[in-house]
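Since the structure comes first, as C-alpha cells, the remarks are kept for the end.
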Amino acid sequence: MTTYEAFNRPQRFLRLRQFSGKALSIVVTLVGLLLLTFTMGRLLPADPVLAVTGSEVDRATYERVYNELGLGEPVWKQFASYVGRMLTGDMGQSLTTGRPVAQDLLTVFPATIELALVAMLCGTLIGVPLGIVAAINRGKLIDHIARIVGLAGHSIPIFWLGLMALFVFYAKLRWVSASGRIDILNEGLVPPITGLMLLDTALQGEWDVFRDALSHIILPGAILGYYSVAYISRMTRSFMLEQLGQEYIISARAKGVSRRQMIWSHAFKNIRVQLLTVLALTFGGLLDGAVLIETVFGWPGLGQYLTRGLKMNDMNVVMGAVLLIGVVFLTINIISDKLYRILDPRTR
Amino acid sequence: MRYRLLAGLAAVALITGAGGAFAASPPNALVIGTNLGAIPALDPAAINARTVSEVVSNLYDNLVIVNPDDLTTIRPMLAEKWTVSDDKRTITMTIRKGATFSSGNPVTAEDAAWTIQRVIKMGAVGSTDIALWGFTKDNVDSLVQATDPQTLVIKLPEPVSTDLVLYSLAGASLGIVDKKTVLANEKNGDLGQNWLKSNSAGSGPFKLTQWRPNDILLTDARADYWAGAPAMKRVVMRHVPESGNMRLQIEAGDIDVGQYMASGDIEALEAKGATIDPGPGLGFYYIAMNTQDPDLAKPKVREAFQHILDWKPLAATTMKYNGFPWQSIIPKGMSGAPTAEPTGHEYDPEKAKRLLAEAGYPNGLKKTLFPSSDALLKMAVALQDNARKAGVEFEIVPGEHTPDFRARKFQVLVGNSGTRLPDPFGTLVQYAYNPDNRDEAKLGGYYLWRTALDAPELTKLVDQSKAETDPEKRKALFEQVDKGYQALPPTLIITLQRTDPYVIKKGVSGYVGHPTWSTRWFDVKKN
C-alpha cells in the first residue's frame, strides 16, 4: 500500500503540473488573441465613431458617441473593459444589423462549420484512399494519376471550379441546387437545434428538407473538400510508404498475411494517428477556404459575414469574427492533441 | 471497401438527384437575385443605397409617388390630395382613409408628421434630400404638423419650388413610419433606430417576414393593403453575389430578376430572350480630384486630366449596360441637358501631356487613385492604364473609399453617384454646390465640398433654381450652371451616365427599375 502511494504521488503531481502548464498556455494564447483583435480594431483606418453615426454628423453627436464608445479612456482601460466584455460573451453590437455580434455569429458560424465538415468528409473519402492506392502502386501509372488528381484540385482556382461544377451539376444535370443553404419553400420548416441543417433535419425526421439541404451543400462541400485532397493524399501516401517499408510488414507478408489485411489491419492502423493531425490541420484550412466558396455559392457563412463587416467598417463584427476563428483554431489544436494522446499511448 | 465507398457516393447522388427542390420559382412568388451584403440597415431614415431603397419602397408607402416611366408627374399615394398656398410656403395634405400599417394601426397625419420630424432629427443619410429645403432639428417640429388625423401641414422655411419638396417626399427615405409601433420599440431615445435596422413598420403592400444579412430577405404580400392585394404573394430577395451563378439560376428559371450582374452575363442572357431593363439612373461615373492636393489645385492639371481616360471602349465593354457616354451634370433628357453627343473629355494623351507641361509638370505626375468601392476597381485599372500614356502614374489602393472621399482624405478617386430627386436640381446640388468650403463645415453631401472647390457663383445659381418655378427660367438656370461648371475646370470629370440594369426572366411583367431606386413590386405579374 505504502509503496503504491509512494509511486503514485509524483506521477499525480506531474500530471497536475502538465495540466496547469497547458491551461496557462491556453490562457496566454487567448489573451494574445484578444490583444491582437483589440489592436486590430484600433489600427484599422476606419473611424469607429463615424461607423456608428454615419459620415454626416455634427460635432456634438460625434463627441457623445466618442465618449459612449469609451474612446477617451486610456488604452489599457479600454483593453481591460474589452477583455471583460468578451469574457461575458458580449462582443458588442453589429453597427449594421443592430443585433449583438455574438447572436449573429451563432447563426452564421454553424453554416460554415457544416460546410467545412462536409468538405472534410469529401476530402477524406477521396484523399485517403487515393493516397493509399498511390502508395501501394508507387511509381506506377496509377500513382502519377493520383498525384495529378490531387494537384489539380489544389491548383485550379476554386472560384472557377465552383462555377464549372454549377454549370454541370446544377444547370445541365439538375442534380443539385445552386444558392444558399435551403430552398425558400422549405425556409423555416424545421426549427434549428444545432444550427447544422443536415443534422437538424435528420434529428426531426424531416427527410424532404434533409434532401433539400443536402442538395444545397453537396456541391460547395465537395469542391471545398477536393481542394484539400492534394494535401491529404500526399500525406497519406508518404505515411503509408513509410509503414510499407517497415520490417514488420515484410515479415507479415512472409508469413502469408493477405495483401488487403496487410494494408488495412497493419499499415493503416499505424498511420491513423498521424492522419488525424493532418485532418485537423486541413479542417482549419477549410474554414479559410470557405470565404471564396461561400461567395460563389451565396453560402451565408462566417466568411461572408466577415467580409461584409470589413466592407462596412463594422469593427465589432470584424473583431468578433476574427476572435472566433482564433478560438476555433485553438480548440482544434487542443482536441487533436488530446486525440493523439488517446490513440497513441507512446505520446502520453 | 472500395466498392462500399462507390456505392455510398452513388447513393448520395441518387438522393440529391431525386430531390424535388429544383422546380422554377413558384407562379405567385417573385425571386430577385441580388447582393444583400450591401444592405446596411432597413430603417428608411438611414438608407442611401440601391437594393435597400427597393426593399423599403415596398415595405413603406410614401405620401406621394413618381412613376418610373414619367418622372415629371407627381401622383397621390398616402396623401390623397394636396393644396399649395398662394405664397407657395404651405403644403396641406389630406391623408387617405382606410390605409393601415402592417401592425394594424391606421395611418394618420400624425405618423406622417412624425416621420418627417424623425428623419430630420436623426440627421442620418436619409435626411439629405429633405433637409435641403431648410428644415432643421430646431424648426421641424413647428413647421411640420398634423392638425387633425387626416390633415398634414408642411410649412416651408424658405421659398422653394413645391414640386421639389414633393419629389423628396416620394423618396425611399421618406417612407411613412408607424409611430406607435416604433416608439414602443425605442431604446434610450434612439427614435427606434436600432429596432428598425432589422424590422419594418410600414403601410406598404408587403411586410417583412425574414431578413438574414448575406442570405435572404423574405416579404409577404398584405391581403389588407389599401390598394388591393398585389399579385405576388411573396417576394424573395436572395443573396447571389457571384454573377456567373446568377446567370445559371436565371437560365434555369429559379431566379426571376437579376441585379448587379457583369456585362458579359447580361449579354448572354439577353441573347437567350431575357428582358434587360436598362435601369436609367440619375447619377454619373466620375473621376474626382481633391484640390487640397497642391498639384490638383491647378486648373491646368485638372484640364489635362479631362483627357486621360479612354471612355469610349470602356462604355462598349466592361461598362456596357452600366452606363452610357455623357459629360454634363444634368442627366440625359432632363430640362437643361445638352441634346448633342458628349464632347470635351476625349481621350488625348498628347494633349494631356502638353497641358501638364504647361502646368509645370513636363515629366508627368504621380498620384494615388482610390476606387470608391470594389465595383469601381475595373474602371480604376482602366484609368491607370490609359493615364500612363499621358504621363500620369496612378497607384491604386483597392477598398471601400467613400468615407475617405466624404472626409476629403484622397487625391484622385473614381466613383459613381445616384440621386433620388428626379429633377436636374438633384444632380446640380450634388455636383455644383458648396455653401461653405471650410474643413470644419463637414458638408460631405456635396461633391464640390468633398473636392474642396469653392464656386460661389454656381452655388448662387443653384440656390436660385431651387425657388424658381417657371419651367423656361429653370431651364435657362440649369444650362447656365452646367456651362459654368465645365469652365471651372471642374474637380469631377464625368464620362458616363449611370444605368442599373435589371435582367428579367421571360414571362415576368410589371417589374420596372426606378431611376430613383424605389422600384415597386405591386404590379409584378407572372404568366
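The values are calculated or read from the model by the stated rules, or taken from the named source; none is laboratory data. As the structure is a computational prediction, the values presented were derived from the model and not from experiment. With ideal geometry, Cβ positions are generated from the backbone for all residues, glycine too; neighbour counts draw on all protein chains shown. For accessibility, only protein heavy atoms count, side chains too; no ligands or nucleic acids. Shrake-Rupley method; radii C 1.70, N 1.55, O 1.52, S 1.80 Å.
Worth pointing out:
- Amide H contacts of B:GLN210 (H built 1.01 Å from N, in plane; Pro and chain starts excluded): B:LEU218 sit under 5 Å, all sequence-distant by 5 or more or on other chains.
- Spatial offset of the stretch B:350-424 relative to the stretch A:157-172 amounts to 36 Å, using the alpha carbon center of each.
- Tensor-based shape of the protein assembly as shown (alpha-carbon gyration tensor, a/c under 1.5 rounded, otherwise prolate or oblate): prolate
- Summing charges over all other residues whose Cβ lies under 12 Å from the Cβ of A:THR112, with Lys and Arg as +1 and Asp and Glu as -1, gives -2.
- Net lengthening on full extension, A:PHE167/A:TRP264 (0.36 nm per residue, minus Cα-Cα): 31.1 nm
- 3J(HN,Hα) from dihedral phi, the stretch B:29-42, Karplus parametrisation 6.51/-1.76/1.60, rounded to Hz, x for glycine, proline: 10, 9, 10, 10, x, 8, 10, 7, x, 7, 7, x, 6, 9
- C-alpha center-to-center spacing [the stretch A:184-228, the stretch A:107-123] in angstrom: 10 Å
- Cleavage-rule hits, trypsin sites (Lys or Arg not before Pro), the stretch A:207-270, DSSP coil, Cβ neighbours within 10 Å at most 13: A:LYS255
- In the complete set of protein chains, residue-level accessible area for A:ASP208 is approximately 110 Å², probe 1.4 angstrom.
- Working note: Karplus 6.51/-1.76/1.60 with θ = phi - 60° gives the stretch B:83-93 the couplings 10, 10, 5, 4, 7, 6, 10, 9, 10, 10, 10 Hz, where Gly and Pro are set to x.
- Computed per residue of chain A from DSSP H runs no shorter than four, each worth -39500 (n - 2.57), the mean residue ellipticity at 222 nm is -24500 deg cm²/dmol.
- Calculated from backbone phi, Karplus (6.51, -1.76, 1.60) coupling profile of the stretch B:362-371 in Hz, x at Gly/Pro: x, 9, x, 9, 10, 9, 8, 10, 9, x
- Whether chain B is rounded, prolate or oblate, judged on the alpha carbon gyration tensor where a/c under 1.5 counts as rounded: oblate
- Heavy-atom accessible surface of the stretch B:424-527, averaged per residue, reaches 38 Å², computed with a 1.4 Å probe.
- For chain B, the mean residue ellipticity at 222 nm estimated from helices alone is -9000 deg cm²/dmol, where every DSSP H run of n ≥ 4 contributes -39500 (n - 2.57) and the total is divided by all residues, rounded to the nearest 500.
- If only the Cβ of Lys and Arg carry +1 and only the Cβ of Asp and Glu carry -1, the dipole of the protein assembly as shown around its Cα centre is close to 3860 debye.
- C-alpha center-to-center spacing [the stretch B:265-343, the stretch B:454-524] in angstrom: 13 Å
- Buried accessible surface for the A/B pair, both sides summed and rounded to the nearest 100, is 4200 Å² with a 1.4 Å probe.
- Rounded tilt (10° steps) of A:2-43 against the dominant C-alpha axis of chain A: 50 degrees
- Chain A shape via C-alpha gyration tensor axes, a/c threshold 1.5: oblate
- Normalised by the number of residues in chain B, the mean separation of alpha-carbon contacts (under 8 Å, six or more apart) gives a relative contact order of 19 percent.
- For chain A, the longest principal axis of the alpha carbon atoms and the long axis of helix A:207-244 meet at an angle near 50°.
- Going from the isolated chain to the complete set of protein chains, the stretch B:169-215 loses at least 10 Å² of heavy-atom accessible area (1.4 Å probe) at B:ASN194, B:LYS197, B:SER198, B:GLN210, B:TRP211, B:ARG212, B:PRO213, B:ASN214, B:ASP215.
- Solvent-accessible area, 1.4 Å probe, carbon plus sulfur percent, for the protein assembly as shown: 59 percent
- Added length on full extension, which subtracts the Cα-Cα distance from 0.36 nm per residue, B:THR275 to B:ASP463: 63.6 nm
- A:HIS266 accessible area, assembled protein chains, probe 1.4 Å, Å²: 60 Å²
- Antiparallel bridge percentage (DSSP; both residues within the protein assembly as shown; nearest 5): 75 percent
- Of the beta bridges in chain B, as assigned by DSSP with both residues counted there, near 75 percent are antiparallel.
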